Each structure stands twice: as C-alpha cells, then as structure tokens.
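We did not get these values from a lab; they are worked out from the coordinates using the rules stated. Since the model is a prediction, treat every value here as computed from it, not as a measurement. As a convention, Cβ positions derive from the backbone with ideal geometry for all residues, glycine included, and neighbour counts pool all protein chains shown.
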Amino acid sequence: MWRSYCILVFSFFAVCNLVLSQGISIKDASKKTIKKYKSIEGHVSAKKYDKALKEYQKLTEQNLNWIEPYLKRGSIYFDQEKYADAETEFLKVRELDPRFDSKVDFMIGLIQIKLEKYEEASHNLQAYIDQNPKDRRRLKRAKKLQQNAAFTANALKNPRQFKIDPLDTVFNSSALEYCPILSIDQSKLIFSRRIGSSEFIMVCDLDSNKVASNCHELRSVNLDNYEKGSISISPDGKVLYFASKSRSESFGSYDLFYSVYKNEEWSRPHNLGLRINDPTWDSQPSMSGDGQKIYFSSKRPGGYGGSDIYVSERGEDRRWKAAVNLGPEINTAGHDESPFIHPDHQTLYFRSNGHPGMGNYDLFLSRKNEDGTWGNVENLGYPVNTEADDGALSISLDGEKAYFTSDRMYKRDDPNKNLDILSFDLDPEIRPYPSTFIQLQVSDMESEEPLITRVEVVDNDNRKSLINTFTNKDGTTLFSVPTHRNFAMHISKSGYTFHSTHLPKIEGYDALQPYRMEVKLQRITAVEEKVEIAATPVILENIFFETGSATLLKQSSVEIDKLHQLLTDQPSISILITGHTDDVGSDQDNLILSNDRANAVLDALVSKGVAKERLRAEGKGESEPIADNTTEVGRKKNRRTTFQIVENK
C-alpha cells in the first residue's frame with residue numbers, strides 16, 4: 001500500500017513538472033549525444049560559428065525539447081548582433097523551461113533593447129530583478145537597463161515637439177565639430193574642430209538671424225600643437241576658458257586654461273591652477289553669467305562616479321576657490337559631464353549615462369532651488385535624446401534656441417560618420433528662465449575716474465544673492481540677469497555711499513539689447529565742521545511700502561540691511577532720510593504719508609542697533625517731483641525714499 005502511494009505521488013509531480021516545463025536538459029541525453037554536444041564547443045572556440053549553428057540545429061531536430069542548443073544558438077546570434085534571431089532562441093529556452101536559468105530573462109530584456117522593444121524589455125528585465133534579488137554582479141546593470149527601457153518606452157510615446165537640424169557647412173565639415181558655445185550677446189558661436197589628432201578653436205560671427213559669417217581660427221590660441229577640448233567664454237568676451245592636454249604647465253592629462261583678449265589679440269594660455277585642476281582629468285568648462293563661477297567635469301578621486309561635475313567660485317581676493325562637487329543630486333555612479341550653466345544662473349544642463357535615459361549618454365537639466373541646492377534632474381526627452389552619441393549643449397540667452405553635438409545624422413556603418421553641431425527650438429517645459437545682460441560703468445561722482453566696486457544682485461522676494469561680482473579696472477562689468485523676478489542691484493565701495501537700483505521683471509524685453517547703466521558714487525570725506533547737507537540724495541529704489549501706507553514690505557529688508565551696513569562701516573556719519581510722494585491725493589495727506597514712511601525706515605534702522613541720534617527723518621510730500629506726474633511711470637519715480645549724509649563727527 002505504501003509503495004502504491006509513493007508511485008501515485010511521484011506520478012502527480014511528474015505530470016505537474018511536464019505541465020510547467022516541457023524542456024529537457026541535454027545532460028540527460030545519451031553519452032553519444034552529450035559527446036557530440038561538447039564537441040561543438042570546439043567550433044565556437046575556433047570562431048566557426050556557422051558550422052556550430054548547424055550542429056546545434058541538428059541536435060534540436062533530434063529532440064525539440066533539448067534546452068541547451070537553443071541557449072547556445074542564442075548566444076552566438078547575440079555576439080553576431082543578429083538580435084532578432086537571438087531573441088527567438090532565448091524565447092524558446094524560456095518556453096521550454098521558465099526556470100531553467102533566470103539569466104534568460106536578463107538576456108531577453110537586453111536583446112529587446114537592441115531591437116527597440118522597450119516595453120517588453122522593461123517587463124523582462126523586471127522579471128529578472130524580481131527573481132534574483134541577491135545577484136549583485138548582474139543586478140545593478142539589470143536595474144539600470146530596466147530604468148532606461150521604461151523611460152525610453154514612455155519618451156517615445158510622448159515625444160517633445162522639436163525639429164532638430166544640423167547647422168550649415170559654414171560650421172560643419174567632414175571633420176569633427178563639437179562643444180558649441182554662444183557668446184552672451186549671441187554675436188558669436190565658438191566651437192572645437194578636430195582634424196586628425198589636432199584640435200582647433202573656431203569662431204563664427206552671427207547676425208540677428210543666426211546666419212554665420214567670418215568663421216576663423218583663434219590663431220593665437222591654436223598656434224601650438226597641444227590638444228584643446230571644450231570651451232567657455234566670460235560674459236564680457238575677454239577671457240576664453242578651455243581644456244588642453246599635456247602642456248608643460250599641466251598638472252595632469254587635461255587641465256583647464258584661460259587666455260585673455262588684450263590689444264586685439266589673445267594671450268598665451270595660462271593654467272587655472274591647482275584650486276581647480278587636479279593631477280587626473282579636468283575638462284569641459286562653463287562660465288556663469290557673472291564670470292564668478294566656473295563649472296567643469298573632473299575624474300578626480302572622491303567623486304560619485306567616473307567623472308563628476310564640479311564648481312569653483314571666485315573669493316573676495318578675486319582668486320578661484322577650491323572646486324566643490326555638485327553632489328549626488330547631479331552626479332551618479334556613471335559619467336556626468338559637459339555642464340552648461342545658463343545665464344539665468346539657475347538652470348544647469350549636462351550629459352550623463354548615470355541617470356535614466358535613452359542611450360549611452362543623454363542630456364539632462366536641473367534647476368537650482370531657493371536654498372542653493374539642485375532640484376530634480378529631468379531628462380530632455382525624445383527626440384533631443386536618442387541612442388546616438390549626444391552631448392555638449394548650450395542655449396541662447398532668451399532660452400529659446402539650443403545647440404548641441406551629435407552623430408545622429410549618420411548611419412551606424414557610415415564611413416563618414418562624425419560629430420556635427422545641431423540646433424533646435426526648445427520646448428517651453430525645458431527652457432531656462434529668459435535673461436538679459438547689463439553693461440555697467442561705475443565712476444567717482446566728482447573726478448569721474450573709474451572705480452573698482454562690488455556689484456551684488458539680490459532677489460527681493462527671498463533675499464538670496466544671485467550675483468556677487470566686481471567691476472574691472474576701467475570701472476566696467478557685464479553680467480546676465482533673469483527677467484522673470486524682481487531683483488535689487490547694489491553697487492558699493494569702501495569710502496563711498498552705495499548705489500541702489502531696482503531691476504523689475506521685464507516683459508517682452510529684447511534680450512539682445514543690454515541695459516546700459518552709468519553710476520556715479522559719492523565719496524564720503526571727513527570734514528571738521530558740521531555740514532547741513534553734505535551729499536547729494538541717494539534714492540533707495542528697493543524700499544517698498546504697502547499701497548497708501550507707511551508699512552514696509554518684506555522686500556525692503558535687503559535695502560535696509562545695506563543702509564545699516566553703510567552706517568556700521570562709517571560710524572562717524574549721520575543721515576537724513578526723506579520721503580516723497582506723487583501728487584495723487586491732497587497735499588496734506590501726502591506730506592503726512594511721506595513723513596511716516598521716512599520714519600518707518602528710521603525705526604527699522606534703530607531696531608537693528610543704529611543710534612537714533614545719528615538719524616533724522618522728514619517728509620516732503622509731493623513738493624519735490626523728479627518726473628512728470630501725468631504718467632504712471634513718472635508718478636512711480638516720484639514715490640521714493642532717499643538718504644543724505646548730513647553730518648561728520
């Protein structure tokens with residue numbers, strides 16, 4: 001009876017196994033068949049693949065349920081890049097026995113990526129991940145492939161509306177062109193060209209329609225035979241930054257160098273120094289819109305992957321500080337390269353093979369948060385990203401036009417395949433903030449001599465500093481600002497009163513026409529006698545009140561802080577704060593309002609610790625207009641708060 005029961009149970013499991021799996025391992029075949037199977041490995045080792053395929057086919061004809069011959073045929077087809085045939089063989093293995101080898105799901109997923117069957121690939125790779133949670137060797141790659149397949153399937157279903165075109169033959173040639181960068185005024189496109197083993201920096205002039213002319217080499221930089229890589233240029237167009245290899249001044253393989261434009265020629269390149277460069281590989285610089293930060297790629301130790309993105313900032317001494325890694329929000333275990341910081345100072349574009357994407361390298365963006373950290377990384381999507389080799393993106397000041405490098409215009413086996421420069425109009429969702437640029441000239445009010453001053457641009461809403469730069473020896477500077485928010489600009493120098501300007505949101509402004517500003521600062525001089533009015537009034541353009549009220553808005557705090565700092569730095573001075581209004585309303589009401597507003601500023605300074613005896617406040621009402629009260633623009637100018645130095649002790 002017990003024997004009969006065992007036979008019954010065995011028969012049950014045998015039937016179940018037959019239902020679950022029809023495949024048979026060839027190891028269960030006759031010794032002759034096994035010997036034949038093993039002998040075919042010799043054909044594979046000798047790379048006689050056609051013969052091996054035929055022999056494996058004969059084995060499957062002998063028994064359609066033998067699994068290993070299908071597995072071997074699939075592997076040969078995969079190595080031969082015959083992916084459709086490989087898929088058929090591996091699917092047959094899984095059909096015969098889904099549990100024969102869990103790596104079959106991995107191979108099917110990998111093959112289906114090659115066949116652009118991304119949804120199926122994602123499903124099969126996920127099946128492998130679920131079955132093999134402890135397979136550390138292959139699991140990491142499987143997860144990466146699955147993420148890419150899932151992303152690609154979705155991206156292809158939801159393409160962005162781009163029309164991508166190569167630039168004309170003025171830019172692109174039979175050589176390699178890459179790393180395009182626009183000057184901040186959009187008048188020049190600068191890029192690298194490789195001919196054989198030599199790299200050249202090229203410059204093309206652009207008209208308002210982006211039509212190129214006068215393309216030429218930067219001969220003074222290209223005179224040597226050293227390799228030169230990607231490029232960036234300072235906002236004023238006077239300093240060129242680029243990567244170069246194996247120079248005598250180098251610390252490693254590729255280092256970052258700069259060349260200065262002076263007396264109508266570019267200087268001999270200089271190494272940027274060990275605060276930026278490392279004995280390993282440093283390349284792909286991108287200069288910020290104020291010339292105070294340089295972003296670049298590096299393979300130095302201590303990063304998150306093969307190559308990471310770093311940033312270095314100028315210090316108070318105007319020297320570069322030690323480079324800082326942008327952190328895990330941007331950098332991955334893969335390669336993160338080719339940074340481009342837009343002139344809006346807040347949108348970073350880069351290429352990476354570590355974030356989920358469509359190919360070997362994809363293009364991404366991240367926007368800076370208000371606290372200075374980087375936000376979520378976003379793939380630019382299809383058809384910007386494909387399986388082609390894409391990279392080195394740069395974007396126009398207005399955020400509408402993009403230029404990048406790709407080999408997608410060529411077929412895989414095209415003998416003329418190389419890198420060209422392409423362009424497209426950005427989808428609004430991945431545009432940076434529109435920006436413009438300011439040309440500033442600062443001088444002494446009396447002597448008119450140019451001044452080296454600090455220039456700070458602060459967001460009035462969150463009090464965060466956007467720009468912290470300096471004017472040059474000639475008193476000039478050029479920098480970009482985004483046009484979507486309200487900013488305060490402060491110009492200061494020790495021994496002078498500061499200058500304050502309000503930069504409102506600019507709607508419909510032509511970004512290619514710079515704001516040209518000329519500012520004259522008043523020197524603070526010590527005198528023995530008290531002076532009733534010792535200086536010209538300085539308008540505090542970033543003092544804001546509630547409408548018809550003397551209640552200060554929070555946006556005024558930055559200006560209050562600057563005025564407090566001036567009084568702290570100059571303890572011997574006292575000031576008169578004066579309020580002014582437009583002519584809307586009665587004279588008496590306006591006089592009272594202006595006086596209350598002046599006293600509101602005085603009280604804010606006292607609350608910060610300024611002695612009250614150093615401060616006076618008065619209201620002038622509508623009695624001293626500086627503009628026409630018949631227009632809103634004029635009335636806005638007349639509604640102002642000023643300060644004057646009235647006393648030196």
Residue 319 versus residue 262: modelled label distance in nm, points set 7 Å from Cα along the beta carbon direction: 1.9 nm
Straight-distance crosslink candidates among aspartates and glutamates, where the alpha carbon sits under 16 Å from residue 245 and sequence neighbours closer than 8 are dropped: 199, 224, 227, 255, 278, 282
Length added when fully stretched, residue 24-residue 546, from 0.36 nm per residue minus Cα-Cα: 179.5 nm
Computed lengthening from residue 452 to residue 198, 0.36 nm per intervening residue step minus Cα-Cα distance: 87.4 nm
Calculated from backbone phi, Karplus (6.51, -1.76, 1.60) coupling profile of the range 104-116 in Hz, x at Gly/Pro: 4, 4, 4, 5, 4, x, 4, 5, 5, 5, 4, 8, 6
5 angstrom amide H check on residue 477, placed H, neighbours 5+ away: 440, 472
Alpha-carbon spread of the range 557-618, three principal axes, descending order, Å: 39, 23, 16
Prolate/oblate/rounded label for the range 144-284 (Cα gyration tensor, a/c 1.5): oblate
Kirkwood Rh in Å, taken over the chain so that all alpha-carbon pairs contribute: 29.8 Å
Total charge dipole magnitude, the range 17-157, about the Cα centre, Cβ charges on Lys, Arg, Asp, Glu only, Debye to nearest 20: 660 debye
Label point at residue 588 placed 7 Å out along Cα→Cβ; residues across the range 609-638 whose backbone nitrogen lies under 20 Å: 619-624
Summed side-chain charge close to residue 91 - residues other than residue 91 whose Cβ falls under 13 Å, Lys, Arg +1, Asp, Glu -1: -3
Exposure proxy ranking, count of Cβ atoms within 10 Å, fewest first, for 536, 469: 536, 469
Total charge dipole magnitude, the chain, about the Cα centre, Cβ charges on Lys, Arg, Asp, Glu only, Debye to nearest 20: 3960 debye
Computed magnitude of the charge dipole of the range 131-266 (debye, nearest 20; Cβ of K, R +1, Cβ of D, E -1): 1540 debye
Distance violations [Cα-Cα > 22 Å] among 117/144; 321/554; 92/144; 27/54; 72/140; 27/58: 321/554; 92/144; 72/140
Using alpha-carbon coordinates, inclination of helix 31-45 to the longest axis of the chain, degrees: 40 degrees
0 to 90° range, to nearest 10: angle between helix 587-607 axis and the chain longest Cα axis: 60 degrees
Cα-based shape type of the range 435-648, given that a ≥ b ≥ c are square roots of the gyration tensor eigenvalues and the cut on a/c is 1.5: oblate
The chain: calculated mean residue ellipticity at 222 nm from DSSP helix runs of at least 4, using -39500 (n - 2.57): -8500 deg cm²/dmol
Packing-based exposure ordering (other Cβ within 10 Å, fewest first) of 204, 215: 215, 204
Most positive-pole-ward Cα, 462, 381, 361, against dipole of the chain from beta carbon charges: 361
Sorted peptide list for 400-411, 635-646, 254-265, criterion being average Cβ within 10 angstrom, highest first: 635-646, 400-411, 254-265
Furthest towards positive pole of dipole, 273, 419, 521, structure part the chain, Cβ charges: 419
Rg/Rh ratio calculated on Cα atoms of the range 17-157 (Kirkwood radius): 1.01
Positive-pole candidate from 109, 146, 49, dipole of the range 17-157, charges at beta carbon: 49
Kirkwood Rh, angstrom, the range 116-205 [1 / mean 1/r, Cα pairs]: 17.1 Å
Rounded to 5, the percent of DSSP beta bridges in the range 435-648 classed as antiparallel: 75 percent
Residues 232, 492, sorted so that the one with the fewest Cβ neighbours within 10 Å comes first: 492, 232
Estimated FRET transfer efficiency when R0 is 56 angstrom, pair residue 606-residue 280 (beta carbons, to 0.05): 0.50
